[in-house]
Every structure is written in C-alpha cells, then in structure tokens.
Amino acid sequence: MKEDKIRTCYFVTCYYYVNEIPVANAVLRERFGVEAENKATVSRIIKDTVDSGLIKLVDESAATKLRRYIPYWA
C-alpha cells in the first residue's frame, strides 16, 4: 500500500513535470483527493517519495509552503 502511494506520487510528479505544471503539496493533495485538513497525509507520502529518491526538491532553501518537486532525473 505504501509502495503504491510512493509510485503514484512519482508518476504524477513525472506527468506534471513533462506538462510544465509545478508540483506542490496542494497539487498532490488534489490528485489524491485528500481534504486540506488532512494535508499531513500527503506530506508523509511526499516525504517517503523523497526519501526513496524518486523525487527531489526544486529549491532546497524554499520555505515549506513554497516547496516544489521534480522527478529525480530532471
């Protein structure tokens, strides 16, 4: 189950990257159908995907609300 969410997060990030759409927590929250009050769920999925090396931060020094993600190969 966790691996499925990580894989989905990676593929969504790849799709949005090639379509030039910035990927942030809110974008993934909408894609996963998670309400704003449960944003910690998506944050956890993002963290797990970053930890697995499949996505990375665009700007390491960005504030939490301004973080954007791209695939590892970009």
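The values are calculated or read from the model by the stated rules, or taken from the named source; none is laboratory data. This is a predicted model, so every value here is computed, not measured. Positions of Cβ are backbone-derived with ideal geometry, glycine not excepted, and every protein chain shown enters the neighbour counts.
Which residue, of Val50, Val23, is under 22 Å from Trp73 (Cα atoms) and touching a helix residue (DSSP H, G or I) at 6+ places or on another chain (Cβ under 8 Å)?
Working: Val50 fails: touching a helix residue (DSSP H, G or I) at 6+ places or on another chain (Cβ under 8 Å).
Checking each option against the conditions leaves just Val23.
Go through region 25-57 and give me each residue that's modelled with pLDDT of 95 or more, part of a loop (DSSP other than H, G, I, E, B) and surrounded by 14 or more Cβ atoms within 10 Å (Cβ to Cβ).
Ser52, Leu54
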